[in-house]
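Student: Have a look at this one.
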Amino acid sequence: MNPDVEPPHRLLLYMRRNCHMCEDMVEQLEELQVTHRFSIEQRDVDKNLLWKKEYGDRVPVLVSGQTVICHYYLDRKSLLDVIEKSIPVQKKK
């Protein structure tokens, strides 16, 4: 994977500091980035009142667009399904 090329899929991870489940999910996501193209934007819910109201103690929450992929624990199958659906299919000539 070329680090200079923007990954085709961007995920948001709503989390908080000193949260072991959040740290576990970050670690698992980083491992998956070795073989799958996606970026992760980490958002600390305690730094934004709207995020804190939306997610509260239900962190970590992994989101793609408007879709919640999973919370608390990484749902690898759901994540890979979302990533695979975002890859454009090339038409045969």
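Student: Under 7 Å between Cβ atoms, which residue pairs at least 6 apart in sequence (or on different chains) link something in segment 69-86 that is without any contact (Cβ under 8 Å) to a residue 60 or more places away in the chain with a partner that is among the acidic types (Asp, Glu)?
Tutor: Correct list of pairs: 69/75.
Student: Still on this structure, please answer the following. In the list 45, 59, which residue meets the criterion of being closer than 16 Å to residue 17 by Cα, in contact with a Cys (Cβ under 7 Å, 6 or more places away or on another chain) and open to solvent by less than 50 Å² (accessible area, probe 1.4 Å)?
Tutor: 59
The values are calculated or read from the model by the stated rules, or taken from the named source; none is laboratory data. Just so it is clear, the model here is predicted, and its values are computed rather than measured. Here Cβ is always computed from backbone atoms with ideal geometry, including for glycine, and neighbour counts include all displayed protein chains. We work out accessible area using only protein heavy atoms, side chains counted, and drop any ligands, DNA or RNA first. Shrake-Rupley method; radii C 1.70, N 1.55, O 1.52, S 1.80 Å.
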